[in-house]
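A short worksheet on the structure shown next.
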There are 2 protein chains.
Amino acid sequence: MTIAANDALVLDAAAQDLLFREARTANSFTDEPVTDEQVQAIYDLIKYGPTAFNQQPLRIVLVRTPEGRERLVQHMAEGNQAKTSAAPLVAILAQDNEFHEELPTVFPHFPQAKDVFFAERSTRESSAALNGALQAAYFIIGVRAAGLAAGPMTGFDAAAINKEFFPEGDHSVLAVVNIGMPGEDAWFPRSPRLEYDQVVTTV
Amino acid sequence: MTIAANDALVLDAAAQDLLFREARTANSFTDEPVTDEQVQAIYDLIKYGPTAFNQQPLRIVLVRTPEGRERLVQHMAEGNQAKTSAAPLVAILAQDNEFHEELPTVFPHFPQAKDVFFAERSTRESSAALNGALQAAYFIIGVRAAGLAAGPMTGFDAAAINKEFFPEGDHSVLAVVNIGMPGEDAWFPRSPRLEYDQVVTTV
């Protein structure tokens, strides 16, 4: 099955392994720091991933200071607190519900989109939720492209994180991602994936 | 900037180009068919992308028959109808709001997750929306990994597609994706991306 899959793909096997096949969600990390240069390189790659109306609603907060880490960890689910305290870098991924302000610049084909499609906050929130999640996935792939391991988490008090880090009320947290080089026993054994026939149907 | 980015990434430059830098959202395609073998290879790659509790809520409907295409196209926004009619393959990406039924199998670390965390439909819907969107992004990356172009769209009548293709009420469409080899004038010029400093902040 693996060989057949490789044959039908253009992406080389090493890249397949780096991004998907051997990459794993890490729960522990070495002490090696993650540099701003690495994060910049990740962003410079994944910014090209597509979003509706090129809206790019993802915003990233890098939690680097001890104070920032403390402010975040208190709102994580208990089982996520120790690893979020210890990770070399933690990124809060959020959607900007006011992304439409940038549309006249980032979607020059139809600069009116800001007012025609996104005048309502509720419309912006649902569109930013979908497109922000697409970009969160591109970010996870980008972390792996940098040779790092990601530990994405959704176990936290979202309302509390929004209030703590986005007091103006215009952002909604999507995920919190620990980032670094994987440590010892960084992951569980790989859990089963659904079979093709459980996922794909044809009409 | 591009060179600096490449230096800080482990992923090779050809793969960066294939998946992000040169890949584009296609609006027209050649007549070359997209085979089931290619879709299987895409799935066999992207199924490894991470989801919360390994929930894997993404379901894919390949629209191959003329009847199926007609059922879909009527519910697309006017500007998306012609290209959705003409694409070699169209995939409906949906979230399965009953994904929790599989959790005892796919998340063996904590088989009780099905009842402890996901007893409520509303909780499942919001979790599947986020994680289904992550998988939709993995799918777009996978299409590109197969050397194909993706044309993801969200301009459609979601309620009508849900009723048409998922009459049991347990799925919600996330996106519709045209797939094939890019045709002539397949895309607009690349639109601007937000700068690093517009997206990333540090605390």
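Only the coordinates and a few stated rules stand behind these numbers; no lab work does. Everything numeric here is computed off the predicted structure, so don't read it as measured data. Note: ideal-geometry Cβ built from the backbone for every residue, glycine included; neighbour counts use all protein chains shown.
For the protein assembly as shown, the Kirkwood estimate of the hydrodynamic radius, built from every pair of different alpha carbons, is 21.4 Å. Give, as a single signed number, the net charge of other residues whose beta carbon lies under 15 Å from the beta carbon of A:Ala159, with Lys and Arg counted +1 and Asp and Glu -1. Charge balance in the 15 Å sphere: -3. With each label modelled as a point 7 angstrom along the Cα→C-beta vector, the B:Phe188-B:Glu78 pair spans 1.8 nm.
The mean count of C-beta atoms from other chains within 10 Å of the C-beta of residues in B:145-152, rounded to a whole number, is 3.
Using a/c under 1.5 as the rounded threshold, could you call chain B rounded, prolate or oblate? The axes a ≥ b ≥ c are square roots of the C-alpha gyration tensor eigenvalues, and prolate needs a/b larger than b/c, oblate otherwise. Oblate shape, in that a/c is at least 1.5 and b/c is the bigger or equal ratio.
Under the combined filter of DSSP loop state and at most 16 neighbouring Cβ atoms within 10 Å, the stretch A:16-120 retains these GluC sites (Glu not before Pro): A:Glu22, A:Glu98, A:Glu120. Charge tally for A:Ala14 (other residues, Cβ to Cβ under 11 Å; Lys, Arg +1; Asp, Glu -1): -3. Remark: relative contact order (the stretch B:28-184) = 38 percent; criterion is Cα-Cα distance under 8 angstrom and separation of 6 or more residues. Cut-off 10 angstrom, C-alpha nodes, Gaussian network model of chain B. Which of B:Ser172, B:Ser28, B:Ser191 fluctuates the most? For chain B, modelled as a Gaussian network with Cα springs under 10 Å, the answer is B:Ser191. The helix-based estimate of mean residue ellipticity at 222 nm for the protein assembly as shown, built from -39,500 (n - 2.57) per DSSP H run of four or more residues and divided by its residue count, is -11500 deg cm²/dmol to the nearest 500.
Taking every pair of Cα atoms in the stretch B:121-203, average 1/r, invert it to obtain the Kirkwood radius, and report Rg/Rh to two decimals. Rounded to two decimals, Rg/Rh equals 1.06.
With the biggest extent put first, the Cα atoms of the stretch A:108-158 measure 41, 31, 10 Å across the principal axes.
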